[in-house]
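Below is one structure, written out as structure tokens, with a few remarks after it.
The values are calculated or read from the model by the stated rules, or taken from the named source; none is laboratory data. For clarity, every value in this text was computed on a predicted model and none was experimentally measured. As a convention, Cβ positions derive from the backbone with ideal geometry for all residues, glycine included, and neighbour counts pool all protein chains shown.
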Amino acid sequence: MKKKDILLILVVLAVGVFIIMSFRAFKEDGGQVVVSVAGEDYATLPLNKDAQLEITGKYGTNILLIKDGTARMESAGCPDQICVYHKAIQYNGDTIICLPNQIIVQVVDGEDQTLDSVAQ
């Protein structure tokens, strides 16, 4: 390899690391978790208080665990268990979805969720 090739590789790596770090830096921690089942609101819980919530779905009960400012699905009554293996969520817009039980867990900022004038 030539010196210019090595320099180009180092520059590309540096730019990649910068992009990854900047995405991580601009994510905001959420204030609460909104749980819905079959499209209906089920519960809203703050992320700053440890809690455990049993959610009844079509295939049984899921257990949502909120601990140390994150939320994760502890167990699920569905056959595939994909939601249980999902990483814990904490940033605005993060979601965990249990498709068989029709459960959606989403992190929101905790402020009033009204529509703005553009969306109306």
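Which residue is modelled with the highest pLDDT, if the candidates are limited to the range 22-50 and must be part of a strand (DSSP E or B) and more than 15 Å from ILE104 (Cβ to Cβ)?
Keep residues of the range 22-50 that are part of a strand (DSSP E or B), which gives 29, 32-37, 40-46.
Those still in the list that are more than 15 Å from ILE104 (Cβ to Cβ) too: 29, 46.
Numbers: ASP29: 64, PRO46: 91.
Going through the qualifying residues, I end up with PRO46.
Inspect the range 4-21 for any residue being touching a Ser or Thr at 6+ places or on another chain (Cβ under 6 Å) and at pLDDT 85 or above and give the result as yes or no. Spell out the reasoning first.
Keep residues of the range 4-21 that are touching a Ser or Thr at 6+ places or on another chain (Cβ under 6 Å), which gives none.
No, because not a single residue in the range 4-21 is touching a Ser or Thr at 6+ places or on another chain (Cβ under 6 Å) and at pLDDT 85 or above.
Do the conditions hold for LEU53, that is, is it closer than 19 Å to GLN32 by Cα and modelled with pLDDT under 90? Let's see the steps before the verdict.
Numbers: closer than 19 Å to GLN32 by Cα: yes; modelled with pLDDT under 90: no.
Considered against the rule, which asks whether it is closer than 19 Å to GLN32 by Cα and modelled with pLDDT under 90, LEU53 comes out as no.
Being surrounded by 15 or more Cβ atoms within 10 Å (Cβ to Cβ) and in contact (Cβ under 8 Å) with a residue 12 or more places away in the chain: is that true of GLN102 here?
Numbers: surrounded by 15 or more Cβ atoms within 10 Å (Cβ to Cβ): yes; in contact (Cβ under 8 Å) with a residue 12 or more places away in the chain: yes.
For GLN102, the condition - surrounded by 15 or more Cβ atoms within 10 Å (Cβ to Cβ) and in contact (Cβ under 8 Å) with a residue 12 or more places away in the chain - is met.
Picking from VAL118, VAL107, which residue would you name as being modelled with pLDDT under 90 and among the aliphatic types (A, V, I, L, M)? Show your work before the answer.
On the way: VAL107 fails: modelled with pLDDT under 90.
The match here is VAL118.
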